[in-house]
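No value in this document is a laboratory result; all are computed from the given coordinates. This structure is a prediction, so every number in the text was calculated from the model and none was measured. Here the Cβ is made from the backbone with ideal geometry for all residues, glycine too, and neighbour counts use every protein chain on show.
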Amino acid sequence: MGLSHDVKIRGTAAPEWPFVCPSCYRPEPDGVFVMRSSRIGWHQLLTLSWAFGSRPKLRVPACRGCAKRMRAERWGRETLSWVGLFIMVGVVYLVLDALGLLPSGPLRRWAIAGIFLVVVIPAAMVTMFFPPVLDATASGNNVTYEFKNKEYADHFRDLNQDRLAPMMFEDDPRRGGTA
Ligand SMILES: [Zn+2]
């Protein structure tokens, strides 16, 4: 679910990319946006899937200006989310500790893990409802590509028709039988 449009591709080889900028949708972009898939994201943090598999590098046709902006946004998101996570966990920990609510001994470690989960879930919701232009997550032998724009996602899906992997949550009405 969420507001991104996901396309899951079998294998970690480079997919076919639409020759359209994923950010401003101008055709025949003059640059390339390079990123590594499988960021350590919130849902990967929960499933630990980031710890396994390869992290293929993506080379996505995009305008030079848009590529620069997407790089900055990506960097900002990751930094903010990690810094935010640690600050929130730290604050909750200090408050609980000051109130004397944290268990001592080995149970304390579980309490900290619990705080992480409580903080991570709302953060995962935020990233779900404000997806970046483009993201990719490698898990096992598949890579899931996430797009903000539905048309771009459909175009991408059409280009890679023969390598689609089954999705856990099918959001393509053409295959869901509802259209
Ligand atoms: Zn562009």
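Charge tally around V133: other residues with Cβ under 12 Å, Lys/Arg +1 each, Asp/Glu -1 each, net +2.
Computed from label points 7 Å out along Cα-Cβ, the spacing between V118 and L101 is 0.5 nm.
Here the residues S23, S37, ranked from fewest to most Cβ neighbours within 10 Å of their Cβ, fall in the order S37, S23. Of V91, V7, the sequence from fewest to most neighbouring Cβ atoms within 10 angstrom is V91, V7.
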